[in-house]
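Some notes on the structure that comes next.
The values are calculated or read from the model by the stated rules, or taken from the named source; none is laboratory data. Predicted model only: the values in this text are computed from it and were never measured. All Cβ positions, even for glycine, are placed from backbone atoms using ideal geometry, and neighbour counts span all protein chains on display.
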(Lines give C-alpha, C1' and ligand atoms only; values in the text may rest on other atoms or scores of the structure.)
Protein backbone atom coordinates (compact mmCIF):
# COMPACT_ATOMS: atom_id res chain seq x y z
CA UNK A 1 0.00 0.00 0.00
CA UNK A 2 1.46 3.42 -0.86
CA UNK A 3 2.04 5.98 1.85
CA UNK A 4 -1.30 7.61 2.62
CA UNK A 5 0.22 11.08 2.12
CA UNK A 6 0.73 10.17 -1.57
CA UNK A 7 -2.95 9.35 -2.03
CA UNK A 8 -4.67 12.28 -0.32
CA UNK A 9 -3.31 15.19 1.72
CA UNK A 10 -2.86 14.06 5.33
CA UNK A 11 -5.46 15.28 7.77
CA UNK A 12 -3.13 14.54 10.67
CA UNK A 13 0.66 14.56 11.00
CA UNK A 14 1.90 12.32 13.80
CA UNK A 15 5.42 12.74 15.18
CA UNK A 16 6.88 10.19 17.54
CA UNK A 17 9.15 7.21 17.89
CA UNK A 18 8.74 3.60 16.88
CA UNK A 19 7.91 1.34 19.79
CA UNK A 20 5.58 3.93 21.32
CA UNK A 21 2.31 2.24 22.31
CA UNK A 22 0.51 5.60 22.34
CA UNK A 23 1.68 6.43 18.83
CA UNK A 24 0.55 3.02 17.59
CA UNK A 25 -2.89 3.51 19.17
CA UNK A 26 -3.31 6.76 17.23
CA UNK A 27 -2.03 5.31 13.93
CA UNK A 28 -4.27 2.28 14.26
CA UNK A 29 -7.35 4.36 15.09
CA UNK A 30 -6.83 6.73 12.16
CA UNK A 31 -6.15 3.86 9.76
CA UNK A 32 -9.29 2.01 10.85
CA UNK A 33 -11.28 5.25 10.64
CA UNK A 34 -10.08 5.85 7.06
CA UNK A 35 -8.48 9.17 8.05
CA UNK A 36 -5.37 10.05 5.97
CA UNK A 37 -2.29 10.70 8.10
CA UNK A 38 1.45 11.13 7.79
CA UNK A 39 3.78 9.40 10.24
CA UNK A 40 7.06 11.19 11.01
CA UNK A 41 9.51 8.89 12.78
CA UNK A 42 11.76 10.74 15.22
CA UNK A 43 15.02 8.78 15.38
CA UNK A 44 17.32 11.27 17.13
CA UNK A 45 17.07 13.95 19.80
CA UNK A 46 18.05 16.49 17.16
CA UNK A 47 15.04 15.47 15.06
CA UNK A 48 12.79 15.67 18.10
CA UNK A 49 13.97 19.22 18.76
CA UNK A 50 13.84 20.48 15.17
CA UNK A 51 10.65 18.74 14.00
CA UNK A 52 8.54 18.40 17.14
CA UNK A 53 9.95 21.11 19.39
CA UNK A 54 10.60 18.74 22.29
CA UNK A 55 13.79 18.03 24.19
CA UNK A 56 14.40 14.42 23.14
CA UNK A 57 12.81 11.27 21.69
CA UNK A 58 11.72 10.06 25.13
CA UNK A 59 9.82 13.29 25.88
CA UNK A 60 6.48 12.51 27.55
CA UNK A 61 4.75 15.01 25.26
CA UNK A 62 5.20 12.61 22.34
CA UNK A 63 3.49 11.63 20.15
CA UNK A 64 2.46 15.02 18.80
CA UNK A 65 -0.38 15.46 16.31
CA UNK A 66 -0.54 18.44 13.97
CA UNK A 67 -3.66 19.49 12.04
CA UNK A 68 -3.97 21.67 8.91
CA UNK A 69 -5.54 24.49 10.95
CA UNK A 70 -2.38 24.70 13.08
CA UNK A 71 -3.72 22.80 16.08
CA UNK A 72 -0.98 20.97 17.99
CA UNK A 73 -1.98 18.13 20.31
CA UNK A 74 0.60 16.63 22.66
CA UNK A 75 0.15 12.96 23.55
CA UNK A 76 -3.60 13.12 22.88
CA UNK A 77 -6.11 10.50 23.95
CA UNK A 78 -8.39 8.91 21.37
CA UNK A 79 -11.30 10.88 22.78
CA UNK A 80 -9.40 14.14 22.28
CA UNK A 81 -8.67 13.14 18.67
CA UNK A 82 -12.29 12.21 18.08
CA UNK A 83 -13.41 15.56 19.44
CA UNK A 84 -10.95 17.37 17.18
CA UNK A 85 -12.27 15.42 14.16
CA UNK A 86 -15.79 16.51 15.09
CA UNK A 87 -17.02 13.00 15.78
CA UNK A 88 -17.69 13.21 19.51
CA UNK A 89 -21.30 13.87 20.47
CA UNK A 90 -23.50 13.59 23.50
CA UNK A 91 -26.73 11.55 23.21
CA UNK A 92 -29.30 13.74 21.48
CA UNK A 93 -32.44 12.00 22.77
CA UNK A 94 -33.77 10.93 26.13
CA UNK A 95 -35.02 7.66 24.65
CA UNK A 96 -34.47 5.61 21.48
CA UNK A 97 -36.34 2.84 19.73
CA UNK A 98 -33.14 0.82 19.32
CA UNK A 99 -29.72 1.06 20.95
CA UNK A 100 -26.97 -0.88 19.16
CA UNK A 101 -23.75 -1.64 21.03
CA UNK A 102 -20.80 -2.30 18.74
CA UNK A 103 -20.10 -0.78 15.31
CA UNK A 104 -18.71 -3.81 13.52
CA UNK A 105 -20.40 -5.25 10.42
CA UNK A 106 -23.40 -6.55 12.39
CA UNK A 107 -23.96 -3.31 14.28
CA UNK A 108 -23.51 -1.10 11.21
CA UNK A 109 -25.88 -3.26 9.17
CA UNK A 110 -28.52 -3.15 11.90
CA UNK A 111 -28.13 0.62 12.18
CA UNK A 112 -28.69 1.13 8.44
CA UNK A 113 -31.79 -1.06 8.31
CA UNK A 114 -33.29 0.21 11.56
CA UNK A 115 -32.92 3.88 10.68
CA UNK A 116 -34.08 3.38 7.11
CA UNK A 117 -37.23 1.80 8.58
CA UNK A 118 -37.84 4.88 10.68
CA UNK A 119 -36.60 3.66 14.06
CA UNK A 120 -34.89 6.21 16.26
CA UNK A 121 -31.48 4.52 16.44
CA UNK A 122 -28.26 5.10 18.35
CA UNK A 123 -25.02 3.22 17.66
CA UNK A 124 -22.44 3.08 20.46
CA UNK A 125 -18.81 2.12 19.82
CA UNK A 126 -15.90 2.27 22.25
CA UNK A 127 -13.22 2.73 19.57
CA UNK A 128 -13.31 2.91 15.76
CA UNK A 129 -16.11 1.68 13.55
CA UNK A 130 -15.61 -1.62 11.77
CA UNK A 131 -14.73 -4.02 14.59
CA UNK A 132 -12.22 -6.73 13.71
CA UNK A 133 -13.28 -6.51 10.07
CA UNK A 134 -12.29 -2.84 10.11
CA UNK A 135 -8.68 -3.75 10.85
CA UNK A 136 -8.43 -6.07 7.84
CA UNK A 137 -6.17 -4.79 5.05
CA UNK A 138 -8.42 -6.35 2.43
CA UNK A 139 -11.66 -8.36 2.42
CA UNK A 140 -11.76 -10.28 -0.85
CA UNK A 141 -14.67 -12.69 -0.40
CA UNK A 142 -17.38 -10.14 0.41
CA UNK A 143 -20.16 -10.10 -2.17
CA UNK A 144 -20.06 -7.24 -4.66
CA UNK A 145 -16.37 -6.32 -4.40
CA UNK A 146 -14.52 -8.50 -6.93
CA UNK A 147 -11.26 -6.58 -6.39
CA UNK A 148 -11.67 -6.68 -2.62
CA UNK A 149 -12.08 -3.77 -0.23
CA UNK A 150 -10.24 -2.75 2.92
CA UNK A 151 -12.09 -3.22 6.17
CA UNK A 152 -11.65 0.47 6.97
CA UNK A 153 -13.20 1.60 3.69
CA UNK A 154 -16.11 -0.83 4.02
CA UNK A 155 -16.77 0.36 7.57
CA UNK A 156 -16.56 4.04 6.58
CA UNK A 157 -19.03 3.50 3.74
CA UNK A 158 -21.42 1.78 6.12
CA UNK A 159 -21.03 4.53 8.74
CA UNK A 160 -21.77 7.22 6.16
CA UNK A 161 -24.79 5.27 4.93
CA UNK A 162 -26.12 4.90 8.48
CA UNK A 163 -25.64 8.61 9.20
CA UNK A 164 -27.53 9.55 6.04
CA UNK A 165 -30.52 7.63 7.39
CA UNK A 166 -30.27 9.51 10.68
CA UNK A 167 -28.38 7.08 12.92
CA UNK A 168 -26.74 8.77 15.87
CA UNK A 169 -23.18 7.43 16.26
CA UNK A 170 -21.44 7.75 19.62
CA UNK A 171 -17.70 6.98 19.44
CA UNK A 172 -15.20 6.55 22.28
CA UNK A 173 -18.02 5.35 24.52
CA UNK A 174 -17.86 2.15 26.56
CA UNK A 175 -20.72 0.59 28.47
CA UNK A 176 -20.09 -0.17 32.14
CA UNK A 177 -23.42 -1.62 33.29
CA UNK A 178 -26.98 -2.28 32.18
CA UNK A 179 -30.39 -2.57 33.77
CA UNK A 180 -33.75 -3.57 32.39
CA UNK A 181 -36.83 -1.97 33.92
CA UNK A 182 -40.12 -3.20 32.33
CA UNK A 183 -40.18 -2.55 28.60
CA UNK A 184 -36.84 -0.75 28.40
CA UNK A 185 -33.10 -1.18 28.51
CA UNK A 186 -30.78 1.34 30.13
CA UNK A 187 -27.10 1.34 29.31
CA UNK A 188 -24.73 3.34 31.49
CA UNK A 189 -21.59 4.53 29.74
CA UNK A 190 -18.17 5.12 31.29
CA UNK A 191 -18.46 8.90 30.86
CA UNK A 192 -21.70 9.00 32.85
CA UNK A 193 -24.08 9.16 29.90
CA UNK A 194 -27.24 7.08 30.02
CA UNK A 195 -28.82 5.40 26.97
CA UNK A 196 -32.50 4.48 27.30
CA UNK A 197 -34.05 2.36 24.54
CA UNK A 198 -37.14 0.25 23.96
CA UNK A 199 -34.99 -2.49 22.38
CA UNK A 200 -31.27 -3.25 22.44
CA UNK A 201 -28.88 -5.11 20.15
CA UNK A 202 -25.51 -6.45 21.30
CA UNK A 203 -23.11 -6.57 18.35
CA UNK A 204 -19.86 -6.12 20.25
CA UNK A 205 -18.06 -8.96 18.49
CA UNK A 206 -14.98 -10.46 20.10
CA UNK A 207 -11.50 -9.37 21.16
CA UNK A 208 -8.45 -11.23 19.92
CA UNK A 209 -7.31 -13.94 22.30
CA UNK A 210 -4.17 -13.14 24.28
CA UNK A 211 -0.95 -15.16 24.36
CA UNK A 212 -0.90 -15.14 28.19
CA UNK A 213 2.87 -14.70 28.36
CA UNK A 214 5.03 -12.78 30.86
CA UNK A 215 5.65 -9.16 29.79
CA UNK A 216 2.78 -9.30 27.32
CA UNK A 217 1.25 -6.06 28.63
CA UNK A 218 4.62 -4.32 28.62
CA UNK A 219 5.15 -4.94 24.90
CA UNK A 220 1.57 -4.23 23.82
CA UNK A 221 1.78 -1.58 21.11
CA UNK A 222 5.60 -1.66 21.37
CA UNK A 223 6.29 -4.65 19.14
CA UNK A 224 3.33 -6.84 20.10
CA UNK A 225 0.04 -6.11 18.35
CA UNK A 226 -3.37 -7.76 18.40
CA UNK A 227 -5.04 -7.80 15.01
CA UNK A 228 -3.78 -7.31 11.48
CA UNK A 229 -2.01 -4.02 12.23
CA UNK A 230 -2.60 -2.65 8.74
CA UNK A 231 -1.32 0.80 9.77
CA UNK A 232 2.13 -0.64 10.51
CA UNK A 233 2.96 -2.34 7.21
CA UNK A 234 4.90 0.58 5.64
CA UNK A 235 7.05 0.76 8.80
CA UNK A 236 8.34 -2.82 8.48
CA UNK A 237 10.64 -2.30 5.49
CA UNK A 238 13.56 -4.75 5.56
CA UNK A 239 12.27 -6.26 8.84
CA UNK A 240 11.23 -9.80 9.74
CA UNK A 241 7.54 -9.86 10.72
CA UNK A 242 5.88 -12.70 12.63
CA UNK A 243 2.12 -13.29 12.50
CA UNK A 244 0.48 -15.71 14.94
CA UNK A 245 -2.62 -17.48 13.66
CA UNK A 246 -3.89 -19.65 10.84
CA UNK A 247 -7.23 -18.02 9.97
CA UNK A 248 -8.18 -15.65 7.17
CA UNK A 249 -7.30 -12.53 9.18
CA UNK A 250 -3.77 -13.85 9.72
CA UNK A 251 -3.47 -14.85 6.07
CA UNK A 252 -4.60 -11.44 4.84
CA UNK A 253 -2.18 -9.77 7.25
CA UNK A 254 0.70 -11.83 5.85
CA UNK A 255 -0.18 -10.82 2.30
CA UNK A 256 -0.45 -7.17 3.36
CA UNK A 257 3.00 -7.15 5.00
CA UNK A 258 4.76 -9.15 2.28
CA UNK A 259 5.39 -6.21 -0.12
CA UNK A 260 7.08 -4.23 2.68
CA UNK A 261 8.84 -6.65 5.03
CA UNK A 262 11.97 -8.60 4.20
CA UNK A 263 10.32 -11.78 5.45
CA UNK A 264 6.93 -12.74 6.90
CA UNK A 265 6.55 -15.86 9.04
CA UNK A 266 3.14 -17.26 9.96
CA UNK A 267 3.25 -19.09 13.30
CA UNK A 268 0.55 -21.78 13.25
CA UNK A 269 -0.35 -24.28 16.00
CA UNK A 270 -1.80 -26.87 13.60
CA UNK A 271 0.13 -28.97 11.11
CA UNK A 272 -1.44 -27.22 8.11
CA UNK A 273 -3.63 -24.28 7.10
CA UNK A 274 -6.24 -26.19 5.17
CA UNK A 275 -8.80 -26.48 7.97
CA UNK A 276 -8.68 -22.80 8.95
CA UNK A 277 -7.81 -20.75 5.85
CA UNK A 278 -9.66 -20.11 2.58
CA UNK A 279 -8.09 -21.92 -0.36
CA UNK A 280 -7.54 -18.75 -2.39
CA UNK A 281 -5.41 -17.35 0.44
CA UNK A 282 -3.46 -20.59 0.83
CA UNK A 283 -2.60 -20.50 -2.87
CA UNK A 284 -1.43 -16.88 -2.67
CA UNK A 285 0.62 -17.38 0.47
CA UNK A 286 2.53 -20.33 -0.96
CA UNK A 287 3.13 -18.36 -4.17
CA UNK A 288 4.67 -15.43 -2.27
CA UNK A 289 8.42 -16.04 -1.96
CA UNK A 290 9.06 -14.08 1.26
CA UNK A 291 6.21 -15.71 3.22
CA UNK A 292 6.85 -18.90 5.19
CA UNK A 293 4.66 -21.17 7.36
CA UNK A 294 5.95 -22.36 10.72
CA UNK A 295 3.45 -25.10 11.54
CA UNK A 296 3.04 -26.91 14.87
CA UNK A 297 4.72 -23.90 16.46
CA UNK A 298 3.84 -21.54 19.32
CA UNK A 299 5.22 -18.29 20.70
CA UNK A 300 6.38 -19.13 24.22
CA UNK A 301 8.43 -16.07 25.20
CA UNK A 302 8.92 -12.35 24.61
CA UNK A 303 12.14 -10.43 25.22
CA UNK A 304 13.22 -6.80 25.03
CA UNK A 305 13.64 -3.57 26.94
CA UNK A 306 11.27 -0.74 26.10
CA UNK A 307 10.44 -2.38 22.77
CA UNK A 308 10.12 -6.01 21.70
CA UNK A 309 13.47 -7.31 20.50
CA UNK A 310 13.08 -11.10 20.29
CA UNK A 311 10.55 -13.92 20.58
CA UNK A 312 10.88 -17.57 21.59
CA UNK A 313 9.27 -20.10 19.25
CA UNK A 314 8.71 -23.67 20.42
CA UNK A 315 7.83 -26.62 18.20
CA UNK A 316 4.82 -28.37 19.73
CA UNK A 317 5.92 -31.88 18.73
CA UNK A 318 9.69 -31.84 19.35
CA UNK A 319 9.82 -29.20 22.10
CA UNK A 320 12.69 -27.46 20.31
CA UNK A 321 12.86 -23.77 21.27
CA UNK A 322 14.45 -21.01 19.18
CA UNK A 323 15.15 -17.37 20.00
CA UNK A 324 14.54 -15.12 16.99
CA UNK A 325 15.17 -11.39 16.71
CA UNK A 326 12.19 -9.26 15.70
CA UNK A 327 10.45 -5.97 16.51
CA UNK A 328 7.13 -7.05 14.98
CA UNK A 329 4.71 -9.68 16.30
CA UNK A 330 1.04 -9.61 15.24
CA UNK A 331 -1.46 -11.94 16.94
CA UNK A 332 -4.65 -13.06 15.17
CA UNK A 333 -5.70 -16.19 17.08
CA UNK A 334 -9.45 -16.14 17.45
CA UNK A 335 -11.54 -14.17 19.84
CA UNK A 336 -13.12 -13.90 23.26
CA UNK A 337 -16.54 -12.24 23.67
CA UNK A 338 -16.76 -9.37 26.14
CA UNK A 339 -20.09 -10.27 27.74
CA UNK A 340 -19.53 -10.15 31.48
CA UNK A 341 -22.32 -7.56 31.64
CA UNK A 342 -24.78 -10.21 30.45
CA UNK A 343 -24.08 -12.59 33.31
CA UNK A 344 -24.57 -9.71 35.76
CA UNK A 345 -28.16 -9.20 34.55
CA UNK A 346 -29.02 -12.88 34.11
CA UNK A 347 -28.78 -13.16 30.32
CA UNK A 348 -27.83 -16.70 29.26
CA UNK A 349 -24.33 -17.28 27.87
CA UNK A 350 -22.64 -20.47 26.74
CA UNK A 351 -19.43 -21.84 28.27
CA UNK A 352 -17.33 -19.61 26.02
CA UNK A 353 -19.21 -16.48 27.06
CA UNK A 354 -21.19 -16.11 23.81
CA UNK A 355 -24.80 -14.90 24.03
CA UNK A 356 -27.35 -17.68 23.50
CA UNK A 357 -30.33 -16.73 21.37
CA UNK A 358 -33.60 -18.04 19.92
CA UNK A 359 -34.03 -21.80 19.50
CA UNK A 360 -30.78 -22.51 21.36
CA UNK A 361 -32.47 -21.20 24.51
CA UNK A 362 -35.29 -23.74 24.39
CA UNK A 363 -35.31 -26.60 26.88
CA UNK A 364 -36.80 -29.31 24.75
CA UNK A 365 -39.89 -27.56 23.38
CA UNK A 366 -40.18 -25.15 26.30
CA UNK A 367 -38.99 -21.58 26.74
CA UNK A 368 -36.25 -20.79 29.28
CA UNK A 369 -37.26 -21.03 32.94
CA UNK A 370 -37.22 -17.27 33.56
CA UNK A 371 -38.77 -16.32 30.20
CA UNK A 372 -41.75 -14.04 31.04
CA UNK A 373 -43.72 -14.09 27.76
CA UNK A 374 -46.20 -16.52 26.22
CA UNK A 375 -44.23 -16.73 22.96
CA UNK A 376 -40.81 -18.32 22.47
CA UNK A 377 -37.75 -16.06 22.02
CA UNK A 378 -37.27 -14.77 18.50
CA UNK A 379 -34.39 -16.23 16.51
CA UNK A 380 -31.81 -13.57 17.50
CA UNK A 381 -33.36 -12.66 20.84
CA UNK A 382 -31.53 -13.39 24.07
CA UNK A 383 -33.11 -14.72 27.26
CA UNK A 384 -34.16 -11.13 28.04
CA UNK A 385 -37.14 -9.98 25.89
CA UNK A 386 -36.20 -7.06 23.66
CA UNK A 387 -32.46 -7.68 23.92
CA UNK A 388 -31.01 -9.15 20.73
CA UNK A 389 -27.55 -10.33 19.64
CA UNK A 390 -25.96 -10.45 16.19
CA UNK A 391 -22.57 -11.25 14.71
CA UNK A 392 -19.56 -12.87 16.33
CA UNK A 393 -20.78 -12.27 19.90
CA UNK A 394 -23.68 -14.67 19.35
CA UNK A 395 -23.53 -18.39 20.15
CA UNK A 396 -23.49 -20.44 16.93
CA UNK A 397 -22.77 -17.51 14.60
CA UNK A 398 -20.78 -18.01 11.41
CA UNK A 399 -17.59 -15.98 11.75
CA UNK A 400 -17.82 -14.20 8.41
CA UNK A 401 -18.32 -10.54 7.56
CA UNK A 402 -21.26 -11.31 5.26
CA UNK A 403 -22.94 -13.42 7.95
CA UNK A 404 -22.60 -10.60 10.49
CA UNK A 405 -24.14 -8.13 8.03
CA UNK A 406 -27.01 -10.54 7.42
CA UNK A 407 -27.63 -11.08 11.11
CA UNK A 408 -27.66 -7.33 11.72
CA UNK A 409 -30.35 -6.86 9.08
CA UNK A 410 -32.31 -9.86 10.36
CA UNK A 411 -32.19 -8.60 13.95
CA UNK A 412 -34.00 -5.42 12.91
CA UNK A 413 -36.91 -7.48 11.57
CA UNK A 414 -37.28 -9.12 14.99
CA UNK A 415 -36.91 -5.76 16.73
CA UNK A 416 -39.95 -4.56 14.76
CA UNK A 417 -41.93 -7.60 15.89
CA UNK A 418 -40.96 -7.00 19.49
CA UNK A 419 -41.83 -3.30 19.41
CA UNK A 420 -45.17 -3.93 17.67
CA UNK A 421 -46.14 -6.59 20.23
CA UNK A 422 -45.32 -4.26 23.13
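Filter the stretch 122-134 for residues that are in a strand (DSSP E or B) and touching a residue at least 60 places away in the same chain (Cβ under 8 Å); which is surrounded by the most Cβ atoms within 10 Å (Cβ to Cβ)?
The residue in question is 122.
Please tell me if residue 145 is assigned by TED's automatic domain parsing to the domain that holds residue 409 and without any contact (Cβ under 8 Å) to a residue 24 or more places away in the chain. Break it down stepwise before answering.
Values: assigned by TED's automatic domain parsing to the domain that holds residue 409: yes; without any contact (Cβ under 8 Å) to a residue 24 or more places away in the chain: yes.
It is true that residue 145 is assigned by TED's automatic domain parsing to the domain that holds residue 409 and without any contact (Cβ under 8 Å) to a residue 24 or more places away in the chain.
Tell me which strands (runs of 3 or more DSSP E) are completely within the stretch 1-95 and hold 3 or more residues being touching a residue at least 12 places away in the same chain (Cβ under 8 Å), within 25 Å of the chain's Cα centre (by Cα) and outside the structural domain of residue 174 (by TED's automatic domain parsing), or say none if there are none.
In the stretch 1-95, the matching strands (runs of 3 or more DSSP E) lie at 12-16, 37-41.
Looking at (1) within 25 Å of residue 397 (Cα to Cα); (2) modelled with pLDDT of 95 or more, find the lone condition where residue 298 falls short.
(1)
With the condition kept exactly as written, say whether any residue in the stretch 241-249 is more than 19 Å from the chain's Cα centre (by Cα), buried (at least 16 other Cβ atoms within 10 Å of the Cβ) and not assigned by TED's automatic domain parsing to the domain that holds residue 36. Reasoning before the result, please.
So the first thing to find is which residues in the stretch 241-249 are more than 19 Å from the chain's Cα centre (by Cα), and the list is 241-242.
From the residues that got through so far, the ones that are buried (at least 16 other Cβ atoms within 10 Å of the Cβ) too are 241-242.
Remaining after also requiring not assigned by TED's automatic domain parsing to the domain that holds residue 36: 241-242.
Yes, the stretch 241-249 contains at least one residue that is more than 19 Å from the chain's Cα centre (by Cα), buried (at least 16 other Cβ atoms within 10 Å of the Cβ) and not assigned by TED's automatic domain parsing to the domain that holds residue 36.
Which number in (1) farther than 24 Å from residue 118 by Cα; (2) buried (at least 24 other Cβ atoms within 10 Å of the Cβ) marks the one condition that residue 411 misses?
Answer for residue 411: the failing condition is (1).
Which condition number does residue 365 fail, the rest of (1) without any contact (Cβ under 8 Å) to a residue 24 or more places away in the chain; (2) in contact with a helix residue (DSSP H, G or I) (Cβ under 9 Å, 6 or more places away or on another chain) being met?
Exception for residue 365: condition (2).
Quick check on the stretch 182-238: of everything there that is over 30 Å from residue 347 (Cβ atoms) and without any contact (Cβ under 8 Å) to a residue 60 or more places away in the chain, which residue is farthest from the chain's Cα centre (by Cα)?
238
Among the listed residues 299, 331, which satisfies the condition of being surrounded by 19 or more Cβ atoms within 10 Å (Cβ to Cβ) and under 18 Å from residue 271 (Cβ atoms)?
From the options 299, 331, the qualifying one is 299.
With the condition kept exactly as written, say whether any residue in the stretch 124-133 is modelled with pLDDT of 95 or more, in contact with a strand residue (DSSP E or B) (Cβ under 6 Å, 6 or more places away or on another chain) and more than 25 Å from residue 31 (Cβ to Cβ).
no
So which of 108, 119 ends up being part of a helix (DSSP H, G or I) and at pLDDT 90 or above?
Result of the check over 108, 119: 108.
What are the residues in the stretch 368-404 that are in contact (Cβ under 8 Å) with a residue 24 or more places away in the chain and not in a loop (DSSP other than H, G, I, E, B), if any?
Of everything in the stretch 368-404, those that are in contact (Cβ under 8 Å) with a residue 24 or more places away in the chain and not in a loop (DSSP other than H, G, I, E, B) turn out to be 381, 387, 388, 389, 391, 392, 393, 394, 401, 402, 404.
Being more than 24 Å from the chain's Cα centre (by Cα) and closer than 24 Å to residue 209 by Cα is the filter; apply it to the stretch 254-274 and report the residue that is modelled with the lowest pLDDT.
Looking at residues that are more than 24 Å from the chain's Cα centre (by Cα) and closer than 24 Å to residue 209 by Cα, I get 274.
Report those strands (runs of 3 or more DSSP E) wholly inside the stretch 135-219 carrying at least 3 residues which are modelled with pLDDT of 95 or more and within 22 Å of residue 118 (Cβ to Cβ).
Numbers: elements: 168-170, 175-179, 185-189, 194-202, 206-208.
Counting at least 3 such residues, we get 168-170, 194-202.
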